[in-house]
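Everything below concerns the one structure shown next.
The values are calculated or read from the model by the stated rules, or taken from the named source; none is laboratory data. Here the structure is a predicted model, which means the values were calculated and not measured. Neighbour counts are summed over all protein chains in view; Cβ atoms, including those assigned to glycine, are modelled from backbone coordinates with ideal geometry.
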Amino acid sequence: MIEMYLLEQLLAFSQCGTLSAASEKLHVSQPALSHSMQKLEELMGVPLFERTKNRIALNENGKLTADCAAKILEQEREMIERVRLLDQSRRTITLGACAPVPVADLVPILSRVYSGMTIASEIRNSDEELLAGLEKNQYQILVLHEKPEGEELYFEAYREEHLMLQLPENHPLSAKEQLYLQEIDGQNLLLYTKIGFWYELCRQKLPNAHFLMMNEFDAFGEVAGAGAFPSFVTEAAAGGELPEGRKAIPILDEEANVTYYCVCAKKDKKRFEPLYQELRRFEKHSDR
């Protein structure tokens, strides 16, 4: 049986190109590394290196072995990560969400319904990232902004969120009662960066806008409430209240008006049924 450290050392040699560089990277002596490579050759039963007086290099056998070693080591890392995440999931419920509002919705419910568990949450910019995390046990519950596909998934729609442009009442666009994003493209806009998929949507749909990026929420709120730049808000995030002298104009684009779907693995449906019962108190949609 080939020990993993031998594959790690072979891969390091393949990447570094010389024994001296590989030994420095691995923090082992050059003679010890040379001995390991000889041992690996003996275990493989074929030569892996071309040796000259002053040089050692991988031959075709060695190159193929190094490629296979990289895959084996990656599989080992993935196995360890998945097992650790599975163990962690027994003690921690991690919510992966595509936007901040679902986090504000679900974390208090999860904390109340699953009082003996640690509740953690992360916001990601794409549904694809979140679904990949669910598959790897990185998350146990997701909130997506597009209806997911897959026989192994269970989901229910539980609420909507609608994007609006918040701006001073004396702004040239304030006379509008509704807007499309293309009418805003080219404007100077204030944008909070930690808003999940909303951030990607704004950047993609407004390629000519001039954004003032902010990543501190409190500072963003102060500037958005009193500054001259328009910014984005939703009815859910605003809670029906706007700073004095500001107006919020609905955005009509289909992508700016979303339905959120609470998703879990179908095998975990029974475990999270209490959560879904709580979420059904939100505006009703078609369930699955």
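Structure notes:
- Among the residues of the range 211-262, those that are among the β-branched types (Val, Ile, Thr) and in contact with a Lys or Arg (Cβ under 8 Å, 6 or more places away or on another chain) comprise Ile249, Thr259.
- Residue match in the range 104-114 (condition: among the β-branched types (Val, Ile, Thr), in the same structural domain as Glu42 (by TED's automatic domain parsing) and out of contact with any strand residue (DSSP E or B) (no Cβ under 8 Å at 6 or more places or on another chain)): no
- Of everything in the range 97-128 that is of a type in the set (D, E, K, R) and buried (at least 16 other Cβ atoms within 10 Å of the Cβ), the residue that is nearest to the chain's Cα centre (by Cα) is Arg124.
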